[in-house]
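S.K.: Can you keep this structure in mind? I'll have questions shortly.
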Amino acid sequence: MRESSIFSRRFAAGALLVLLAGIIQSSGIAAVGGVRPNILLVLLLTLVFFFREWKSYAALIAIATIFSKTEIGFSSPYIVIAIISACVFLVKPHFPGHRFFNVILAVIAGTIITYVITDLKFLGNDPFTVMIEVVYNVLVGIVVYLLAERIIGNETEFRTSR
Amino acid sequence: MKRNLAPVVATLFLFVAALAVAEFSTPVREYLAAGTRTTLHAPLALLGFGRSSETEQLLRENARLKAEVLFLAKEPRNTGTVARPEVSAKVHSTYPTNSRGLLNINAGSSEGIKKGMTVTVDGFTFLGVVEEVGERSSIVRTIFDTDWQIPVKIGDGAHDALMVGGRGPRLTLIVKTGNVLDGDDVYTASKEFPYGLRIGEVKEVKGEPGSTFEEADIKLPFDATLDEVHILL
């Protein structure tokens, strides 16, 4: 089966999820105890393992980027999220395990790398908040993974390099 | 090798194309974002988590009155009715990470907003400052920003302290006199902002034995997920 082209149903579902994630994230309503999950990052890093064709995935990143633009400009974390997602897509054949565990690993690494690049000082000053966000992001990642399996499909797009 | 580079080049191309599309669609998206944000709160309100519930409204009104009384008491010129020009704006979006308390609001230079203007929750409760201004939107730096520190005063004795921003803003450098107590009002004392804007109240004063200074948490009368803010002109 030819995998998700930009006109496929799978891609449309992915794009819809990206838009929803963007809205929920920017609204700030998902905060628990003042800590907000990085829903867009989690979603893009989960979808990496559901899309094998780079064009579809790059288009999803582009949609996420468009949606994050404000009149003032882009917030640097959104650019970082896009770059991290693209990098994870490129290195995903080297991820070690089952798709579910790969998602968790990517989310943990992605969250920490986002802070390392955008605000290293914060990581040093308030590691507790970052830790809570990591846990929160992993929980959101599990939900997104289960949702993506239902909506986007169960076919294993992911292949290891071995 | 060529094959491996193709996704990178194409991703960059799509990224640039996205920037171009974003540039033209911004006003429409920002309008939709403000509407969506308000709409998303409705189901939460129905479940009892909403900030528009009756109890929550009463608490807010109470906090606003407290802040107004404090401001009138601290500002001798404002005896009587306070009539200050202000602009209310909807919150479009929040900064995506937890490190910076930035808000994007739907008022900009066309509404008279300028960099450095004071932003409040309700006209009397301090929230932050306008950091960047566009034609129809602005970025507001709030007290939830971990990189922000401002001088404040505490209670009737006007004790000096430094407020350090963050997910839970706190007070540092309170001179240990024993006169700062839980429940005392914390208000602005920086020359950049109107004097006496209430921030919150002192919660849990902590001091190391032998230290000259104490620290305390601030109990805020609002949470970080605001729908609307007021900018003092």
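Just so it is clear, none of the values below were taken in a lab; they were calculated from the coordinates. Small disclaimer: the values here were computed from a predicted structure and weren't measured. All Cβ positions, glycine included, derive from the backbone under ideal geometry; neighbour counts span all protein chains shown.
S.K.: Could you give me the ³J(HN,Hα) list for the stretch B:110-118, computed from phi with Karplus coefficients 6.51, -1.76, 1.60 and θ = phi - 60°, whole Hz, x at Gly and Pro?
M.R.: 5, 9, x, 6, 10, 4, x, 5, 7
S.K.: Below 8 Å between Cα atoms, with a sequence gap of 6+, how large is the relative contact order for the stretch A:15-162 in percent?
M.R.: 33 percent
S.K.: Within 10 Å of each residue's Cβ, count the other Cβ atoms and sort A:Leu147, B:Leu197 from fewest upward. Please list the in-between numbers first.
M.R.: On the way: A:Leu147 14, B:Leu197 25.
With the sparsest Cβ surroundings first, the list reads A:Leu147, B:Leu197.
S.K.: To continue, here is another question. How high is the FRET efficiency from B:Val175 to B:Glu54, r the C-beta distance, R0 25 Å, rounded to 0.05?
M.R.: Calculated value: 0.05.
S.K.: Right, next: Order these by the 10 Å Cβ neighbour count, fewest first: B:His92, B:His230, A:His94.
M.R.: Placing the least packed residue first, the sequence is A:His94, B:His230, B:His92.
S.K.: Take the alpha-carbon centre of the stretch B:83-134, take the same for the stretch A:97-130, and report the distance between them in whole Å.
M.R.: 30 Å
S.K.: Now a separate question. Per residue of the stretch B:198-207, what does 6.51 cos²θ - 1.76 cosθ + 1.60 with θ = phi - 60° give for ³J(HN,Hα)? Whole Hz please, x for Gly and Pro, Karplus curve as stated.
M.R.: 6, 9, x, 10, 5, 9, 6, 6, 10, x
S.K.: Now, a different point. Given Cα positions, please report Rg to Rh for chain A, the hydrodynamic radius being the Kirkwood one.
M.R.: Expressed as Rg/Rh, it is 0.95.
S.K.: Same structure, new question: For the stretch B:88-93, just list the computed ³J(HN,Hα) in residue order, Karplus coefficients 6.51, -1.76 and 1.60, θ = phi - 60°, integers in Hz, with x standing in for Gly and Pro.
M.R.: Working through the residues one at a time gives 9, 9, 7, 8, 6, 7 Hz.
S.K.: Working from the alpha-carbon coordinates of the stretch B:142-204, get Rg over Rh, Rh being the Kirkwood radius.
M.R.: 0.93
S.K.: Using only atoms on other chains, find how many Cβ atoms lie within 10 Å of each Cβ of peptide A:118-128 and report the average.
M.R.: Averaged over the peptide's residues, the number is 3.
S.K.: How would you rank B:Phe193, B:Phe213, going from fewest to most other Cβ atoms within 10 Å of each one's own Cβ?
M.R.: Ranking B:Phe193, B:Phe213 by Cβ neighbours within 10 Å, fewest first, gives B:Phe213, B:Phe193.
S.K.: Could you give the DSSP H helices of chain A that reach 18 angstrom or more along their long axis (alpha carbon positions) and whose average Kyte-Doolittle hydropathy is no lower than -1.0?
M.R.: A:9-27, A:54-68, A:76-91, A:99-118, A:127-151
S.K.: Rounded, prolate or oblate: pick one for the stretch A:61-152, where a ≥ b ≥ c are the square roots of the eigenvalues of its C-alpha gyration tensor, a/c under 1.5 means rounded, and failing that, prolate if a/b is larger than b/c, else oblate.
M.R.: Verdict is oblate for the stretch A:61-152.
S.K.: By average Cβ neighbour count within 10 Å, what is the ranking of B:174-182, A:113-121 from highest down?
M.R.: A:113-121, B:174-182
S.K.: Search the structure for amide H atoms under 5 Å from the amide H of B:Leu127, placed 1.01 Å from N in the peptide plane, and list their residues when 5 or more places away or on another chain.
M.R.: B:Val119, B:Thr120, B:Val121
S.K.: Can you give me the Cα centroid spacing of the stretch A:8-65 and the stretch B:185-233 in angstrom?
M.R.: Rounded to whole Å, the Cα centres lie 36 Å apart.
S.K.: Okay, moving on. Amide H of B:Glu215: which non-local residues (sequence gap of 5 or more, or other chain) have their own amide H closer than 5 Å, using H built in the peptide plane?
M.R.: Amide H neighbours of B:Glu215: B:Lys206, B:Gly207.
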